[in-house]
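The values are calculated or read from the model by the stated rules, or taken from the named source; none is laboratory data. This structure is a prediction, so every number in the text was calculated from the model and none was measured. As a convention, Cβ positions derive from the backbone with ideal geometry for all residues, glycine included, and neighbour counts pool all protein chains shown.
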Amino acid sequence: MVLVDTSVWIEIFRTSPSVQLESLVDFDEIVTCLPVIQEVLQGFNSEAAFIRARESMLAMPIVESPVPPDMYFEAVDLYRTARRAGFTIRSGVDCVIAACALRHQLEVLHHDRDFGQLAKISPLRERNIKGARGAKGARGARGARGARGARGAKGARGARGAKGA
């Protein structure tokens, strides 16, 4: 199973997507979690695109719903461990997403540098789409820089059409 990060959904929901998700992972293997849904949906300006995206996101299997308090403590541990190892994690939400993936032995498909850094200090399995386009199951280059953060709001604003939703 693969937990697709916000940074990938931003690319997919663009008017002219730079990523074809089907070339990276079988749709039946995709799961999501509530922090990813939040990040993706908060970036939409168009109400129609927001509704299509919300319906699409909620149609996928959701892991850790509702999110238990222990999930957040695991995210805190990941963040603090990364800091002690000299890594700067830009998004605390990425730590929650990583903790969710770790608890369910999921691979994180992303376009964000935080997951490569988190994989260096934990058993997180991650694949950066920057180095894995068209390679189902391949691991991306760890620590590869993503072009956008996983915050959702900045990148998803360009998602006026919510393609495929």
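General remarks:
- Complete set of residues in region 93-119 that are over 19 Å from SER65 (Cβ atoms), assigned to a helix (DSSP H, G or I) and either of a type outside the set (Lys, Arg) or touching a helix residue (DSSP H, G or I) at 6+ places or on another chain (Cβ under 8 Å) (or both): ASP114, PHE115, GLY116, GLN117, LEU118, ALA119
- Answer residue from region 38-64, given it is in a loop (DSSP other than H, G, I, E, B) and over 16 Å from the mean Cα position of the chain (by Cα) and is modelled with the highest pLDDT among those: ALA59
Results for (1) without any contact (Cβ under 8 Å) to a residue 60 or more places away in the chain; (2) among the small types (Gly, Ala, Ser); (3) under 16 Å from GLU126 (Cβ atoms), shown as yes or no for each residue.
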position: VAL8; (1), (2), (3): no, no, yes
position: SER23; (1), (2), (3): no, yes, no
position: ALA49; (1), (2), (3): no, yes, no
position: ALA98; (1), (2), (3): yes, yes, yes
position: ARG103; (1), (2), (3): yes, no, yes
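- Among the residues of region 106-124, those identified as among the charged types (D, E, K, R) and either under 17 Å from GLY92 (Cα atoms) or surrounded by 24 or more Cβ atoms within 10 Å (Cβ to Cβ) (or both) are ASP112, ARG113, ASP114, LYS120.
- One residue stands out among those in region 70-92 that are surrounded by 14 or more Cβ atoms within 10 Å (Cβ to Cβ) and not in a helix (DSSP H, G or I): the one that is nearest to the chain's Cα centre (by Cα), which is SER91.
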